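Here is the structure we will look at, set down as structure tokens.
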Amino acid sequence: MIILEALHSLNINELAYKHSLAIAAKNGQRIYENQLNLIKNAEAFRNKITIKTIFLNFWDEFVKIAKSKNKVIRPAITTAVEKMIHCKDLSKGYLFFECTKCNNFYIAGFSCNSRFCPSCGNRYREDRTREISKVCLNKPHRQFVFSIAKELRPYFLFYRELYDILFESVEESFDFLLKSSKIARKEKRDFGYVSFLHTFGRAINDNPHIHVLICEGYMDKDNLFHKYDHFHYEKLRKTFMGILLKKIYSVLKENHKNETQKFYELKCFLYKKYTDGFYAYGPKLENSSRVAVKAISKYIARYVSHPAIAESRIIDLDYIKKTVTYQYEPHQDDHTDDPNQKLGTQKVTESVFDFIAKLIRHIPDKGFHLVRYYGFYSNRTTKNKDKYEALYTIQEITRMKNNNYWINHLVASYHYNPLLCSCGATMTLCYELSFFPGGTKDG
């Protein structure tokens, strides 16, 4: 009934949809439910505002405004946005699937594979989760978060090379913690961890910080694993702050000399203000079971790979006023149980062009790695982990890969298989009717 009402409100002919459901029903409950879910998830019935819709309608105007103000849009931004806009655009290529029992068919446009694209980003997150899962040992892990002072955020916004410095500062802080003694250096001790860069907060504001998934232990030169679960937080915080400020100053002195004096004064101010160092904290998991470690590794990998804003948070788009309204839950509310101190859901209405500017500034440059592996989790390590049990079995990794295949992903997310015809047959790929713009069949 809901579908028929939607068809009527959208002025769509009901007969074809009724007919496809009637045929599907004759072929069993499974076929009927598949066809029903396919119709429910058709774009015409999606009552939501998408990132793609916003950029399709306002990107060209945004570019014109930027040019009129002599603002430079990074090439990586232009590439990512154009890829997303043309994602699954049939003029850019498609695969044609046909049913051998009836005249039904399905056309699947090629994905853009851009991390900025909400649709393709989901698959990217799952791929990233799988890659991280492959390196983890079956040992206790914990999550660390390294944050910078808010006074430093503008520098990271204007000088993007500082993101590399942020990674390096975290790495050197852990090294200082582990290798401060002569014995530790002689044993060539190494942690094993994965660092993730997050450049935004819940309000799509600039907030560069590093999440770390670290194994609670180190390996020595003889490939022996030693438990290490006591991290000196005060030492880590002060070390991180000192290394980061020193490195930023060096970069500015070498490449942006006009900022050197101003930053030197800020550095002195920050040392006085943050006497305990910058935020660096990684509480031990209450439950260090294999299941708990798997859960935290998946959570971190997916969390740090999510887009600057989920489309479900966009609640209104005004084409006349050219404004967008979205909501978010303040981070402060996570740290209090007192309802009187909670700020509650915040709604923001702003110019669609300001909204676009906030989103695109978080697009990384080409070749920049948001996720990096260190110590005995690095590909360059000389440590041999083969004798230690992996967190995930080969079968589990293979299953994760198969689940992210586009058809399986649709089934898991939306509960329908687009290649399952309403007549009950499975559609097959027809190369002759498929379209490969590059002249190949490697779509």
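Looking at the structure I just gave you, is F353 within 30 Å of F191 (Cβ to Cβ), hydrophobic (A, V, I, L, M, F, W, C) and modelled with pLDDT of 95 or more?
On the way: within 30 Å of F191 (Cβ to Cβ): no; hydrophobic (A, V, I, L, M, F, W, C): yes; modelled with pLDDT of 95 or more: yes.
It is false that F353 is within 30 Å of F191 (Cβ to Cβ), hydrophobic (A, V, I, L, M, F, W, C) and modelled with pLDDT of 95 or more.
For the structure I just gave you, tell me whether Y319 is more than 30 Å from A390 (Cα to Cα) and either surrounded by 15 or more Cβ atoms within 10 Å (Cβ to Cβ) or of a type in the set (K, R) (or both).
Working: more than 30 Å from A390 (Cα to Cα): yes; either surrounded by 15 or more Cβ atoms within 10 Å (Cβ to Cβ) or of a type in the set (K, R) (or both): no.
No: the conditions fail for Y319.
Scan the stretch 186-208 and tell me whether some residue there is surrounded by fewer than 20 Cβ atoms within 10 Å (Cβ to Cβ), in a helix (DSSP H, G or I) and in contact (Cβ under 8 Å) with a residue 24 or more places away in the chain.
yes
Please verify whether I315 is at negative phi, in a helix (DSSP H, G or I) and among the β-branched types (V, I, T), treating the condition exactly as stated. Walk me through how you get there before you give the answer.
On the way: at negative phi: yes; in a helix (DSSP H, G or I): no; among the β-branched types (V, I, T): yes.
Answer is no for this residue.
Of the residues Y281, Y264, Y274, only one is hydroxyl-bearing (S, T, Y) and surrounded by 15 or more Cβ atoms within 10 Å (Cβ to Cβ); which?
Values: Y281 fails: surrounded by 15 or more Cβ atoms within 10 Å (Cβ to Cβ); Y264 fails: surrounded by 15 or more Cβ atoms within 10 Å (Cβ to Cβ).
From the options Y281, Y264, Y274, the qualifying one is Y274.
Rundown of residues vs (1) touching a helix residue (DSSP H, G or I) at 6+ places or on another chain (Cβ under 9 Å); (2) surrounded by 11 or more Cβ atoms within 10 Å (Cβ to Cβ); (3) under 19 Å from D127 (Cβ atoms); (4) modelled with pLDDT of 90 or more, yes/no style:
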position	(1), (2), (3), (4)
D386	no, no, no, yes
E396	yes, yes, yes, yes
H409	yes, yes, yes, no
A412	yes, yes, yes, no
C421	yes, yes, no, yes
A425	no, yes, no, yes
S434	no, yes, no, yes
T440	no, no, no, no
G443	no, yes, yes, no
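Of everything in the stretch 217-246 that's of a type in the set (A, V, I, L, M) and over 29 Å from the mean Cα position of the chain (by Cα), which residue is farthest from F176 (Cα to Cα)?
Let us first name the residues in the stretch 217-246 that are of a type in the set (A, V, I, L, M), namely 219, 224, 236, 241, 243-245.
Filter once more, keeping what is over 29 Å from the mean Cα position of the chain (by Cα): 219, 224.
Details: M219: 16, L224: 20 Å.
My answer is L224.
Here is a list: D316, D365. Which entry is under 30 Å from V135 (Cβ atoms) and either touching a residue at least 40 places away in the same chain (Cβ under 8 Å) or touching a Lys or Arg at 6+ places or on another chain (Cβ under 9 Å) (or both)?
On the way: D316 fails: under 30 Å from V135 (Cβ atoms).
Of D316, D365, the one residue that is under 30 Å from V135 (Cβ atoms) and either touching a residue at least 40 places away in the same chain (Cβ under 8 Å) or touching a Lys or Arg at 6+ places or on another chain (Cβ under 9 Å) (or both) is D365.
Find all pairs meeting these conditions: Cβ atoms under 8 angstrom apart; at least six residues apart or on different chains; first residue within the stretch 108-133 and more than 20 Å from I363 (Cβ to Cβ); second residue among the hydroxyl-bearing types (S, T, Y) and not in a helix (DSSP H, G or I).
Once the first residue is more than 20 Å from I363 (Cβ to Cβ) and sits in the stretch 108-133, its partners that are among the hydroxyl-bearing types (S, T, Y) and not in a helix (DSSP H, G or I) give A108/Y94; G109/Y94; F110/Y94; T129/S305; S133/Y392.
Is it the case that the stretch 212-222 has a residue that's among the charged types (D, E, K, R), exposed (fewer than 15 other Cβ atoms within 10 Å of the Cβ), touching a residue at least 60 places away in the same chain (Cβ under 8 Å) and not in a helix (DSSP H, G or I)?
Of all residues in the stretch 212-222, those among the charged types (D, E, K, R) come to 216, 220-222.
Keeping just the survivors that are exposed (fewer than 15 other Cβ atoms within 10 Å of the Cβ) gives 221-222.
Now narrow it down to the ones that are touching a residue at least 60 places away in the same chain (Cβ under 8 Å): none.
No: zero hits.
Can you name the helices (runs of 4 or more DSSP H) wholly within the stretch 16-107 that have at least 1 residues being closer than 15 Å to A357 by Cα? Break it down into steps so the answer makes sense when it comes.
Details: elements: 29-40, 51-68, 75-85.
Correct list: 51-68, 75-85.
How many residues does the stretch 128-154 contain that are under 30 Å from L224 (Cα atoms) and hydroxyl-bearing (S, T, Y)?
Taking the stretch 128-154 first, the residues under 30 Å from L224 (Cα atoms) are 128-146.
Going one step further and asking which of them are hydroxyl-bearing (S, T, Y), we end up with 129, 133.
Here the count works out to 2.
State yes or no: is R115 modelled with pLDDT under 90, in a loop (DSSP other than H, G, I, E, B), surrounded by 15 or more Cβ atoms within 10 Å (Cβ to Cβ) and charged (D, E, K, R)? Let's see the steps before the verdict.
On the way: modelled with pLDDT under 90: yes; in a loop (DSSP other than H, G, I, E, B): yes; surrounded by 15 or more Cβ atoms within 10 Å (Cβ to Cβ): yes; charged (D, E, K, R): yes.
When the stated conditions are applied, R115 passes them.
Can you tell me how many residues in the stretch 118-138 are surrounded by fewer than 19 Cβ atoms within 10 Å (Cβ to Cβ) and more than 19 Å from S305 (Cβ to Cβ)?
Counting residues in the stretch 118-138 that are surrounded by fewer than 19 Cβ atoms within 10 Å (Cβ to Cβ) and more than 19 Å from S305 (Cβ to Cβ) gives 1.
Just name the residue that is nearest to R302 (Cα to Cα) out of those in the stretch 372-384 that are surrounded by 17 or more Cβ atoms within 10 Å (Cβ to Cβ) and not aromatic (F, W, Y). Write out each step before concluding.
Within the stretch 372-384, the subset surrounded by 17 or more Cβ atoms within 10 Å (Cβ to Cβ) is 372-377, 383.
Subsequent filtering for residues that are not aromatic (F, W, Y) retains 372, 375, 383.
Details: R372: 15, G375: 22, K383: 27 Å.
Of everything passing the filter in the stretch 372-384, R372 is nearest to R302 (Cα to Cα).
Within the stretch 160-194, which residues are of a type in the set (K, R) and either within 32 Å of the chain's Cα centre (by Cα) or under 13 Å from F376 (Cα atoms) (or both)? Lay out the reasoning, then the answer.
At the first step, the residues of the stretch 160-194 found to be of a type in the set (K, R) are 160, 179, 182, 185-186, 188-189.
Across the stretch 160-194, the qualifying residues are R160, K188, R189.
For F156, are the conditions met, namely being part of a helix (DSSP H, G or I), in the same structural domain as K267 (by TED's automatic domain parsing), more than 30 Å from E98 (Cα to Cα) and in contact (Cβ under 8 Å) with a residue 60 or more places away in the chain? Please lay out each step first, then the result.
Numbers: part of a helix (DSSP H, G or I): yes; in the same structural domain as K267 (by TED's automatic domain parsing): yes; more than 30 Å from E98 (Cα to Cα): yes; in contact (Cβ under 8 Å) with a residue 60 or more places away in the chain: no.
In short, no.
Residues that are of a type in the set (S, T, Y), closer than 25 Å to S173 by Cα and under 23 Å from the mean Cα position of the chain (by Cα): does the stretch 131-141 have at least one? Walk me through how you get there before you give the answer.
Just the residues of the stretch 131-141 that are of a type in the set (S, T, Y), to begin with: 133.
Those still in the list that are closer than 25 Å to S173 by Cα too: 133.
Among the residues that remain, those that are also under 23 Å from the mean Cα position of the chain (by Cα) are: 133.
The answer is yes; a qualifying residue exists.
What number of residues in the stretch 108-145 are more than 25 Å from S289 (Cα to Cα) and touching a His at 6+ places or on another chain (Cβ under 7 Å)?
Let us first name the residues in the stretch 108-145 that are more than 25 Å from S289 (Cα to Cα), namely 108-124.
Keeping just the survivors that are touching a His at 6+ places or on another chain (Cβ under 7 Å) gives 112, 123.
Looking only at that region, the number is 2.
Does S173 count as assigned to a helix (DSSP H, G or I) and touching a residue at least 12 places away in the same chain (Cβ under 8 Å)?
Working: assigned to a helix (DSSP H, G or I): yes; touching a residue at least 12 places away in the same chain (Cβ under 8 Å): yes.
Considered against the rule, which asks whether it is assigned to a helix (DSSP H, G or I) and touching a residue at least 12 places away in the same chain (Cβ under 8 Å), S173 comes out as yes.
Against the definition (loosely packed, with under 14 Cβ neighbours inside 10 Å, over 26 Å from R123 (Cβ atoms) and either in the same structural domain as R123 (by TED's automatic domain parsing) or without any contact (Cβ under 8 Å) to a residue 12 or more places away in the chain (or both)), how does Q346 come out, yes or no? Lay out the reasoning, then the answer.
Working: loosely packed, with under 14 Cβ neighbours inside 10 Å: yes; over 26 Å from R123 (Cβ atoms): yes; either in the same structural domain as R123 (by TED's automatic domain parsing) or without any contact (Cβ under 8 Å) to a residue 12 or more places away in the chain (or both): no.
Spelling it out, it is not the case that Q346 is loosely packed, with under 14 Cβ neighbours inside 10 Å, over 26 Å from R123 (Cβ atoms) and either in the same structural domain as R123 (by TED's automatic domain parsing) or without any contact (Cβ under 8 Å) to a residue 12 or more places away in the chain (or both).
The values are calculated or read from the model by the stated rules, or taken from the named source; none is laboratory data. Fair warning: this is a prediction, and the values are worked out from it, not measured in the lab. Virtual Cβ from ideal backbone geometry, glycine too; neighbours counted across all protein chains shown.
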